[in-house]
Amino acid sequence: MFTYFLRRFLILCLTLLGITFVTFMLIKTLPGDPVQGLIGERAEQETVERIRKELGSDQPFVRQYRGYLKFIVTGDLGTSYYTNRKVVDDLKAKCLHTFELAFAAMLFASLSGILLGTLMAVTRGSILDRLGLLISAGGISLPVFWLGLTLMLIFAFLIPLLPPSGMGEGELIYLILPASTLGINSAAYIVRITRSSLLEVLSQPYITTARSKGLTKRKVVLKHALKNALLPIITLIGLDFGSYLNGSVLTETIFGWDGVGRYAVEGIMRRDYPVVMGTVLVGAAFFVFINFLVDLIYLYLDPRIRVRE
């Protein structure tokens, strides 16, 4: 088990190193000059050269990348070109907001998806099963921006129960609409994966044996079948949670949620390289770490992995 843990941890570190290199290279090859955007097109050339020297953008690529890695090791992600604030300080606050939104969305998607998928599997062919398939197909098909605006129109204007946007003072009511918008698509996928995985497990011989022993249907499903059907579901939940932490740009923009997504978009529009690199690195670290945790959960759910390792 320790070997498995060590190997996964080394893969995590190498993945993050590769992401920093690729991202740094791509940003440096983008057209445009951040210095020109910072001080304007009519600035004198001497001023431009001086600021480039202060920012270090006049150095060769390898030297710039090496210097950036040194900053990362010390926990410094640089300073924003425009606000002159530490990127780490901004990300600390914005990551908490995004994590709060992602956790709420994943909790909603996981509970509703697994519950509905399980009910559909045990009542295969019923009206509930067919209705669930129809609802999940709609959840997969609807784009996030349309869904968010529709929910806002219904529950904030036509039926004024929830606030349309903003974060308020941290009240839970402000989290309901954005979390639902972000989680509905994942819930639809989890419903289908849970249903198909559970149906496959329920057809196995050991389930027939458990039923022949006189166990109740509830015990057979929850104790024997559902645990063995969880592997693909856990994988999907981990991937979706990582994508929430990185890809909630539309949801945060629609509902005015002050998170990492909006912060990254502002940095891209301004060509604020430290902000872009910081958000990409933090997002990649979250995503890789979540998948690392999923691999460890596999050790608990599937004894065959422990035997092989």
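The values are calculated or read from the model by the stated rules, or taken from the named source; none is laboratory data. Note that the structure is a prediction, hence the values are computed from the model and not measured. Methodologically, a virtual Cβ is constructed for each residue, glycine included, from the backbone with ideal geometry; neighbour enumeration extends over all protein chains shown.
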Restricting attention to region 130-177, which residues are over 22 Å from the mean Cα position of the chain (by Cα), surrounded by 17 or more Cβ atoms within 10 Å (Cβ to Cβ) and either outside any loop (DSSP other than H, G, I, E, B) or not assigned by TED's automatic domain parsing to the domain that holds Arg192 (or both)? Gly132, Met152, Phe155
I need every pair where a residue in region 194-214 that is polar (S, T, N, Q) has its Cβ under 7 Å from the Cβ of a residue that is exposed (fewer than 15 other Cβ atoms within 10 Å of the Cβ) and in a helix (DSSP H, G or I), sequence separation at least 6 or different chains. Ser197/Pro232
Residues of region 251-272 satisfying the condition of being closer than 19 Å to Thr79 by Cβ, surrounded by fewer than 23 Cβ atoms within 10 Å (Cβ to Cβ) and in contact (Cβ under 8 Å) with a residue 40 or more places away in the chain: Arg270, Arg271
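Return the residue satisfying two criteria in turn: it lies in region 97-135 and is β-branched (Val, Ile, Thr) and in contact (Cβ under 8 Å) with a residue 40 or more places away in the chain, and of such residues it is nearest to Ser203 (Cα to Cα). Give the derivation first.
Of region 97-135, the ones β-branched (Val, Ile, Thr) are 98, 114, 118, 122-123, 127, 135.
From what's left, in contact (Cβ under 8 Å) with a residue 40 or more places away in the chain: 98, 114, 118, 122, 135.
Values: Thr98: 41, Ile114: 19, Thr118: 14, Val122: 11, Ile135: 25 Å.
The qualifying residue nearest to Ser203 (Cα to Cα) is Val122.
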Those residues that are of a type outside the set (Lys, Arg) and either outside the structural domain of Val282 (by TED's automatic domain parsing) or surrounded by fewer than 16 Cβ atoms within 10 Å (Cβ to Cβ) (or both), I need them from region 92-122; list them, please. Ala93, Leu96, Phe103, Leu107, Leu111, Leu115
As an exercise: evaluate Ile193 against (1) of a type outside the set (Ser, Thr, Tyr); (2) surrounded by fewer than 23 Cβ atoms within 10 Å (Cβ to Cβ); (3) at pLDDT below 90 and give the number of the one condition it does not meet. (3)
If we only count helices (runs of 4 or more DSSP H) wholly inside region 232-309, which ones have 3 or more residues that are at pLDDT below 80? 260-270, 273-301, 303-308
